1. Kindly indicate whether any position in segment A:109-132 is in contact (Cβ under 8 Å) with a residue 24 or more places away in the chain and within 14 Å of chain B (Cβ to nearest Cβ).
2. Restricting to segment B:32-56, what's the tally of residues that are touching a residue at least 24 places away in the same chain (Cβ under 8 Å), away from chain A (no Cβ under 13 Å) and either closer than 18 Å to A:V16 by Cα or surrounded by fewer than 24 Cβ atoms within 10 Å (Cβ to Cβ) (or both)?
3. Among (1) in contact with a Ser or Thr (Cβ under 7 Å, 6 or more places away or on another chain); (2) within 23 Å of B:A41 (Cα to Cα), there is one condition A:A72 misses while meeting the rest; what is its number?
4. In segment A:157-179, which residue that is in contact with an Asp or Glu (Cβ under 6 Å, 6 or more places away or on another chain) and in a helix (DSSP H, G or I) is nearest to A:T213 (Cα to Cα)?
5. Within segment B:203-210, is even one residue over 22 Å from B:R29 (Cα atoms) and outside any helix (DSSP H, G or I)?
6. Mind checking which residues of segment A:7-23 are surrounded by 24 or more Cβ atoms within 10 Å (Cβ to Cβ) and within 11 Å of chain B (Cβ to nearest Cβ)?
7. Is it true that B:R153 is basic (K, R), more than 30 Å from A:R2 (Cα to Cα), away from chain A (no Cβ under 14 Å) and more than 19 Å from the chain's Cα centre (by Cα)?
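The values are calculated or read from the model by the stated rules, or taken from the named source; none is laboratory data. Fair warning: this is a prediction, and the values are worked out from it, not measured in the lab. Cβ coordinates were reconstructed from backbone atoms using ideal geometry, including for glycine residues, and neighbour counts include every protein chain displayed.
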There are 2 protein chains.
Amino acid sequence: MRSTAGNAQLALLLEVAATPKPGNVDRHRDLADLRFAHFMAGAVGAREGLEMAADGAAVGPAFERAVEKMAAQEGGNTQFGALLLLVPLVRAAREDLSRPVAESVARGTTVDDAASFYRAFEHVDVAVGDPPDDMAALDVRRGADAVPAVEARGVTLFDVMDRSVPGDDVAREWVRGFDRSFAAAERLAAADGPISNRTAAVFLSLLAERPDTLVATRHDEATARAVTDRAATLHDADALETDPEAVDSFADDLVDRGINPGTTADVTAAGLFIALERGAVDV
Amino acid sequence: MRSTAGNAQLALLLEVAATPKPGNVDRHRDLADLRFAHFMAGAVGAREGLEMAADGAAVGPAFERAVEKMAAQEGGNTQFGALLLLVPLVRAAREDLSRPVAESVARGTTVDDAASFYRAFEHVDVAVGDPPDDMAALDVRRGADAVPAVEARGVTLFDVMDRSVPGDDVAREWVRGFDRSFAAAERLAAADGPISNRTAAVFLSLLAERPDTLVATRHDEATARAVTDRAATLHDADALETDPEAVDSFADDLVDRGINPGTTADVTAAGLFIALERGAVDV
């Protein structure tokens, strides 16, 4: 019987290993400065913060610890978004890993959790968009410098997430009861074959469904939309089964162009955790 | 700063990911019933026992826990031998990760440690050779049933290892101060490139140096010798640099023939841990 923190760590590892996962590091592809080994080291480092959440620590401090130790490798940010989904889900699993409980964990976060979240940005560079003008004081890129403003305004971590939608589909999970994460878990359970194949299929289905917000932030909306359209065509044609070369070629093309649908990978990792923790998939 | 248990876990992951690693599961190859995901799940499970060793638990109980949780996946034995090297090395790192300290940890093991070692065989099938006739009562394949004989004869875990040489190069590490593990760490530090390339090079150098005892156990001495001879030819020609296709072809051939130099992989993992823990390599 694997522990809850162990399932969360395994979700990070199964996510990165699944292939093909167009645009992302996977078992067969590295990016220029971001390699498979960096993700493994990130998953190893994250374990401590995941254990904290499993032991009942508040979401913010557990997340900050997970990010700090995840970042102790030379690739930079590997799993920030995935951890932002996993930590509240691990916390929810202490009671019941269901959408209502996960939503109540998210809504129950405090100003202190928000302060820890801002401090997490001290440990790693994360791609985020510009905040609205009236939110400049709360720009996450200010890191710990923003904490006084967070405290003065009484902003909770849930508030931070709520204000990050639209434009950030990790934040969207927080305010919508982690619906895509739970849907991903159900799809993983319903899919066929070894876990790597299931994960690749679910990743493609998620990418086909909504433009990736990391791609939109780093490139633009049109690029994100084009990637999703191509994923949808492949998904509708069941290309992983019928024309795997087409998916590989899509994956190679995105890697060549530096287009990295990282938010979709984050949701995939969250779905893997839910499916593992519920015993709906096994390895 | 990664924890000692984290470095040991990362060593397991870096070992399995490094490619090409002829005959073993690697980033590009699965065996028929033993896949990459099983090794990731094994490494996740092992963490708890590795933490126990890092926190000062005795070698036997920490090893038994690591094996029990490592085995909680559907691939069977993934990292038994590697953990048998890592646990005493993690224990040594509490004081100093040097050959003399590692040797004294090994020599300091007790009858209770031996009993835990035997119980570890209850959790997983491990390929081992037949013991001599006068040792039948101590056949590790008897698992917990052998514990009364272990206790009656006052056999320590070091004694068990000492009696397993020759024929088991993991046990040989225990009685020779982990010399190949420390040598592997030095070679990893001296090699060039990303950690996956360094690991593949060191794996090949180890395989070229001594016939793999797991291959000798599962097949025969002649097969193990032939594998080492071919590895030596490739190693002497610096084939990973000059003719990588030849190493890949060797790797594919061994996988096709079901020849799995697992002991060499175990020593490689131990070398990775030593190099990571000493800061001689990084990721």
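1. yes
2. The qualifying residues number 1.
3. Status for A:A72: all satisfied but (1).
4. A:V170
5. Taking every residue of segment B:203-210 in turn, at least one turns out to be over 22 Å from B:R29 (Cα atoms) and outside any helix (DSSP H, G or I).
6. Passing the criteria: A:N7, A:A8, A:Q9, A:L10, A:A11, A:L12, A:L13, A:L14, A:E15, A:V16, A:A17, A:A18.
7. The answer is yes for B:R153.
Table: residues versus (1) over 24 Å from B:G271 (Cα atoms); (2) among the polar types (S, T, N, Q); (3) at pLDDT below 95.
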residue: B:A82; (1), (2), (3): no, no, no
residue: B:D96; (1), (2), (3): no, no, no
residue: B:V111; (1), (2), (3): yes, no, no
residue: B:F117; (1), (2), (3): no, no, no
residue: B:A127; (1), (2), (3): no, no, yes
residue: B:D134; (1), (2), (3): yes, no, yes
residue: B:D159; (1), (2), (3): no, no, no
residue: B:R172; (1), (2), (3): no, no, no
residue: B:G177; (1), (2), (3): no, no, no
